[in-house]
Amino acid sequence: MEHHPQPAAPAPQPQARMVAAQADLAPVGNTRMKPVSVVIEQQEGQPAKISEVDFQGLHPGKYQLVVHENAECGANASKVGRATMPVAATVDVAQGAPGKVEPGQVEVTLEGDQSIIGKTLVLHEVRGGKPSVPQACGQISRLEEAPSPGGAGAGAG
């Protein structure tokens, strides 16, 4: 009688890492905006996603969140350096309502050479179709790095 070895069980798939970053935006200049935290998460191999954010105290108009090259804001966002990425998110503010960033994909990455962690996130007022006057600024810091919960619905959103 011939003895056949049992096939080896497949190796467990490593869980994709989740990386999260946060920028605590503080108003600059004469802006009356309330400070706000912007959270961006990225699961390994997937596009980054921004959480919903409400901007209180901005006058009506269009604004853009833009990543800049330096790690420091400085007075009135004077030390942020040049913009390094496309617009991360657009904020529309209507009369009497907070500006909202809707949750969804953003064209930034939290990993590798192109990571935005350690740079600054600046909220610019849009004039003439381009980001202009800085309204708020904050350094982008790593929040956590942990395995994702395996796709199970983690928390309500």
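Tabulated data
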| quantity | calculated |
| --- | --- |
| Test: residue in the stretch 117-130 that is out of contact with any Gly (no Cβ under 8 Å at 6 or more places or on another chain), farther than 18 Å from Asp24 by Cβ and in contact (Cβ under 8 Å) with a residue 12 or more places away in the chain | no |
| Residue among Ala83, Ala75, Ala71 that is of a type in the set (Gly, Ala, Ser) and in contact (Cβ under 8 Å) with a residue 60 or more places away in the chain | Ala71 |
| Failed criterion for Met85 (all others in (1) farther than 14 Å from Ile140 by Cβ; (2) among the aliphatic types (A, V, I, L, M); (3) surrounded by fewer than 19 Cβ atoms within 10 Å (Cβ to Cβ) hold) | (1) |
| Filtered residue count, the stretch 90-116, keeping only those that are without any contact (Cβ under 8 Å) to a residue 40 or more places away in the chain, closer than 15 Å to Ala48 by Cα and either touching a strand residue (DSSP E or B) at 6+ places or on another chain (Cβ under 6 Å) or of a type in the set (S, T, N, Q) (or both) | 2 |
| Index of the failed condition, Gly151 passing every other in (1) modelled with pLDDT of 90 or more; (2) surrounded by fewer than 16 Cβ atoms within 10 Å (Cβ to Cβ); (3) more than 22 Å from Val28 (Cβ to Cβ) | (1) |
| Of all residues in the stretch 114-133 being in a strand (DSSP E or B) and of a type in the set (A, V, I, L, M), the one that is nearest to the chain's Cα centre (by Cα) | Leu121 |
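Per-residue answers, yes or no, for (1) of a type in the set (S, T, N, Q); (2) surrounded by fewer than 21 Cβ atoms within 10 Å (Cβ to Cβ); (3) closer than 17 Å to Lys130 by Cα; (4) within 15 Å of the chain's Cα centre (by Cα):
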{"site": "Gly29", "(1), (2), (3), (4)": "no, yes, no, no"}
{"site": "Ser37", "(1), (2), (3), (4)": "yes, yes, no, yes"}
{"site": "Ser78", "(1), (2), (3), (4)": "yes, yes, no, no"}
{"site": "Gly99", "(1), (2), (3), (4)": "no, no, no, no"}
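The values are calculated or read from the model by the stated rules, or taken from the named source; none is laboratory data. Please read these numbers as outputs of a predicted model, since none were measured by experiment. Here Cβ is always computed from backbone atoms with ideal geometry, including for glycine, and neighbour counts include all displayed protein chains.
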